[in-house]
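Undergrad: Quick one: the structure is below, and I'll ask about it shortly.
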Amino acid sequence: MLVIICCGARAHAQIPAMSMDQVIRSTSSKDTTYIINFWATWCAPCVQELPEFNELHKRFEGRPVRVLLVSLDFKSDYPMKLNTFIQRKRLLPQVIWLSDTDPNVFVPKVDAAWEGSIPATIIVNPSRQQRRFIEGQVTEKQVAAIVEKMMKE
């Protein structure tokens, strides 16, 4: 029993805090397509779509596709409330907490068309210089079709 508790806690022991510039740098490898979702635990539509990202993570496992969940939760909720939420929801993709707090600074870095509402998802293929931004909820099927198309072109 002690081993199970220890290993379970270690799985999400530390959620990295990153600035938007760090997120951009970490999602720029030319051999990978990135699915980046911006969400928060207090956003009902965000929470509703999280299972879609678990499915995307499973669907593209073993392929050059990375799913990244960028939490926009309040600083007071990081890391304890966020970590508890991730464990309760059994999220499979990597989760990071965005340390930037001024949306006027980080939102335009993601996409000029983004008005700042969440959920929001951007799919990026750096090698082909392709990006697709979607403001609002998405489905696994919708995002997978975009990713597959980007990987073929």
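The values are calculated or read from the model by the stated rules, or taken from the named source; none is laboratory data. On a predicted model such as this, the values are computed, not experimentally measured, just so you know. Please note: Cβ atoms are built from the backbone with ideal geometry, for glycine as well, and neighbour counts cover all protein chains shown.
Undergrad: So, in the stretch 113-153, how many residues would count as being among the small types (Gly, Ala, Ser), modelled with pLDDT of 95 or more and farther than 18 Å from residue 40 by Cα?
TA: The number of residues fulfilling the criteria is 2.
Undergrad: Which condition number does residue 22 fail, the rest of (1) in a strand (DSSP E or B); (2) free of Cβ contacts under 8 Å to residues at least 24 places away in the same chain being met?
TA: Here residue 22 clears every test but (1).
Undergrad: I've got another one for you. Pick out the one residue from 116, 62 that is in a loop (DSSP other than H, G, I, E, B) and more than 16 Å from the chain's Cα centre (by Cα).
TA: The match here is 62.
Undergrad: Identify all residues within the stretch 65-113 that are assigned to a strand (DSSP E or B) and not aliphatic (A, V, I, L, M); write none if there are none.
TA: 66, 71, 94, 97
Undergrad: Specify which of the listed residues (28, 76, 71) is in contact (Cβ under 8 Å) with a residue 24 or more places away in the chain and over 11 Å from the mean Cα position of the chain (by Cα).
TA: Sole residue among the options that is in contact (Cβ under 8 Å) with a residue 24 or more places away in the chain and over 11 Å from the mean Cα position of the chain (by Cα): 28.
Undergrad: Give the number of residues within the stretch 109-153 that are of a type in the set (Asp, Glu), surrounded by 14 or more Cβ atoms within 10 Å (Cβ to Cβ) and touching a helix residue (DSSP H, G or I) at 6+ places or on another chain (Cβ under 9 Å).
TA: Matching residues across the stretch 109-153 total 1.
Undergrad: Give the residue, chosen from 44, 13, 9, that is modelled with pLDDT of 95 or more, among the hydrophobic types (A, V, I, L, M, F, W, C), surrounded by fewer than 14 Cβ atoms within 10 Å (Cβ to Cβ) and out of contact with any Lys or Arg (no Cβ under 9 Å at 6 or more places or on another chain).
TA: It is 44.
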